[in-house]
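For reference, the structure discussed in these notes is given below.
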Number of protein chains: 2
Amino acid sequence: MTAHAEHLAVIAQADIFHNLDTPALRSVMAYAVAAHYQEGEFVFYQDDPAERVYVLAEGRLRLLQLTPEGAQINMGLVSPGQAIAVISLLEAQRYPVSAQAIGSALVLSWSRRDLHHLMIGCPQIALNALQELSQRMIEFQDRLRELTTERVERRIARGLLRLARQAGRKTEQGVLIDLPVSRQDLAEMTGTTLFTVSRTLSQWEERGIISAGRERILIRFPHGLVTIAEDLPAPHPPPSEKPSDSQV
Amino acid sequence: MTAHAEHLAVIAQADIFHNLDTPALRSVMAYAVAAHYQEGEFVFYQDDPAERVYVLAEGRLRLLQLTPEGAQINMGLVSPGQAIAVISLLEAQRYPVSAQAIGSALVLSWSRRDLHHLMIGCPQIALNALQELSQRMIEFQDRLRELTTERVERRIARGLLRLARQAGRKTEQGVLIDLPVSRQDLAEMTGTTLFTVSRTLSQWEERGIISAGRERILIRFPHGLVTIAEDLPAPHPPPSEKPSDSQV
DNA sequence: TGCGCACTTTGCGCCAGCGCAAAAAGCAGC
DNA sequence: GCTGCTTTTTGCGCTGGCGCAAAGTGCGCA
């Protein structure tokens, strides 16, 4: 389905189309194709020929990579305004990951040809894309470093903080991860197993740092997580719900 | 030092300046600054304000990232023609890694302003940069996946194969890694310790797959490494030097 | 030719985190 | 409220790979 005028605002919000003037935005829109996806549907599959560049308008996407053995790891979360599959700009490439909708999602996309054409006419788009990619690159470098040098507990703490940043919603209880996140998901994101994640979360729950349920995590005391992530000397014990463990 | 005409050929070779016409190349050159570095010198340091984009003309660079604890990991190798620190295009960023010369190196660089200006005038440059970044992104994703899902031995095998691809020189003995690579370096690249690397290489040496010395690695039987990297059922034993272990 | 340094090997002990199995707890649909 | 499915917890055993110490080796330099 071709994009309508209603999508113009969305396009203007996207990182990759920042700082474009209205005529430019209009021509971007003219080439856009919009599509809806339901929970669990795939926007594209890893290893398929990369032909379109996507921008997420609404909802969230999960990026998955399959290992040769069939195991699956979570390469990241896409929030509205982000572009994915920029690799499609190059000829004869394949998608390096699969993109799957979490909940329902609205996605805009452009063919390689069209976006290439738009970029030539409006280099700012290419610069924006470069910007976005660079940022993501840095994030990857950090994850890589964490993975090679840090213990599991720290990695999980960081993973949770990252999630909170990307999909956290403040409530009076604390920061709620506004997504169904299973222990398995967290394990994939941090390079460990669901067992270890489960044990670690339970431990944090006892300490009052978080409060976790089935595919639901509430961070009650974010600073506690930061402490673990940065390996600081444990600060004040968190404001626990329970009356007084230490005084009994 | 400002670039001279002699650098034009180098510039034309760089991935980021592919497919430019001669006038464009000339203006690129007009803004370039060339600099030489000796073994071990740093082109830039992590966390310094990112102000220039670099293209390696000759030699090799090592990208290093420091952990908060002071440990250091090897984030990659830069070969001639590659661009680094593209992040500098954005305002107010800092270099996410340090870049250090291996042997002597010739580096061209452009200021944020100038390169930005060049890209606006010639969008192809931005597209090329996007291309280069995308490729590197995929490599990072792969490393990330390997790190979370694969055993140490496989990671070392892959690391070695990657090195061979980037800096391998064919000889009649096999593929020689044309760089001083210590066990420590390999350990940083693959997320393990120099002890484990040492043990693993010794083992491979016994099997005749490689032949290693002080900061020197010769891959005698690349297929053996591939076998390990892909976890295939061990193929023919390698054509060992030693007369006949199995028949004695 | 010999010294000193940096890199490498090897032995030994240990434990963080994995892997599995089985039980428990949520959740959804009927 | 019951049934069945998915997610989560927990116990237990195990081992890959780390960490350290000490000895060995190759290389550059005087």
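The values are calculated or read from the model by the stated rules, or taken from the named source; none is laboratory data. Treat the numbers as computed from the prediction; the structure is a model and nothing was measured. Every residue, glycine among them, receives a Cβ derived from its backbone with ideal geometry; neighbour counts consider all protein chains shown.
Would you confirm whether or not the range B:211-223 contains a residue that is in the same structural domain as B:Gly159 (by TED's automatic domain parsing), away from DNA strand D (no atom under 12 Å from the Cβ) and among the β-branched types (Val, Ile, Thr)?
Yes, some residue in the range B:211-223 is in the same structural domain as B:Gly159 (by TED's automatic domain parsing), away from DNA strand D (no atom under 12 Å from the Cβ) and among the β-branched types (Val, Ile, Thr).
Would you mind finding the one in B:Ala30, B:Ala71, B:Ala92, B:Ala85 that is on the phi > 0 side of the Ramachandran plot, surrounded by fewer than 17 Cβ atoms within 10 Å (Cβ to Cβ) and either of a type in the set (A, V, I, L, M) or in the same structural domain as B:Arg183 (by TED's automatic domain parsing) (or both)?
It is B:Ala92.
Starting from residues that are within 12 Å of DNA strand C (Cβ to nearest atom), more than 18 Å from the chain's Cα centre (by Cα) and part of a loop (DSSP other than H, G, I, E, B), keep the ones in the range B:193-229 and report whichever is surrounded by the fewest Cβ atoms within 10 Å (Cβ to Cβ).
Among residues in the range B:193-229 that are within 12 Å of DNA strand C (Cβ to nearest atom), more than 18 Å from the chain's Cα centre (by Cα) and part of a loop (DSSP other than H, G, I, E, B), the one surrounded by the fewest Cβ atoms within 10 Å (Cβ to Cβ) is B:Arg214.
Considering only residues that are surrounded by fewer than 21 Cβ atoms within 10 Å (Cβ to Cβ) and within 11 Å of chain B (Cβ to nearest Cβ), which ones fall in the range A:153-168?
Listed by number, the list holds a single entry, A:Arg154.
Restricting to the range B:121-135, name every residue that is more than 7 Å from chain A (Cβ to nearest Cβ) and of a type outside the set (Val, Ile, Thr).
Of everything in the range B:121-135, those that are more than 7 Å from chain A (Cβ to nearest Cβ) and of a type outside the set (Val, Ile, Thr) turn out to be B:Gly121, B:Cys122, B:Gln124, B:Asn128, B:Glu132, B:Gln135.
Being more than 10 Å from every other protein chain (Cβ to nearest Cβ) and crowded, with 20+ Cβ neighbours inside 10 Å is the filter here, so list the residues in the range A:38-51 that pass it.
Result: A:Val43, A:Phe44.
Please determine whether any residue of the range B:97-112 is of a type in the set (Phe, Trp, Tyr) and within 12 Å of another protein chain (Cβ to nearest Cβ).
No: zero hits.
Looking at the range A:148-174 only, could you name the residues that are assigned to a helix (DSSP H, G or I) and more than 15 Å from the chain's Cα centre (by Cα)?
Matches in the range A:148-174: A:Thr148, A:Thr149, A:Val152, A:Glu153, A:Arg154, A:Arg155, A:Ile156, A:Ala157.
Condition (residue is within 14 Å of chain B (Cβ to nearest Cβ) and surrounded by fewer than 17 Cβ atoms within 10 Å (Cβ to Cβ)) applied to the range A:169-191: is it met by at least one residue?
Scanning the range A:169-191 turns up at least one residue that is within 14 Å of chain B (Cβ to nearest Cβ) and surrounded by fewer than 17 Cβ atoms within 10 Å (Cβ to Cβ).
Can you say whether A:Arg143 is within 16 Å of DNA strand C (Cβ to nearest atom), at pLDDT 90 or above and either within 11 Å of chain B (Cβ to nearest Cβ) or within 12 Å of A:Tyr54 (Cβ to Cβ) (or both), as far as the supplied structure shows?
The answer is yes for A:Arg143.
Going by the conditions given, is B:Gln46 of a type outside the set (Asp, Glu) and under 15 Å from B:Tyr95 (Cα atoms)?
Yes: the conditions hold for B:Gln46.
Among the candidates A:Ala99, A:Ala105, A:Ala57, A:Ala71, single out the residue that is farther than 22 Å from A:Ile177 by Cα and hydrophobic (A, V, I, L, M, F, W, C).
When all the criteria are applied, what remains is A:Ala71.
Scan the range B:202-232 for residues that are free of Cβ contacts under 8 Å to residues at least 40 places away in the same chain, under 30 Å from A:Arg143 (Cβ atoms) and touching a strand residue (DSSP E or B) at 6+ places or on another chain (Cβ under 9 Å) and report the count.
Final tally of qualifying residues: 1.
Under the condition of being in contact (Cβ under 8 Å) with a residue 60 or more places away in the chain and assigned to a helix (DSSP H, G or I), which residue from the range A:98-116 is farthest from the chain's Cα centre (by Cα)?
The residue in question is A:Asp114.
Is it true that some residue in the range A:53-64 is within 26 Å of A:Arg143 (Cα to Cα), assigned by TED's automatic domain parsing to the domain that holds A:Ala105 and hydroxyl-bearing (Ser, Thr, Tyr)?
The answer is yes; a qualifying residue exists.
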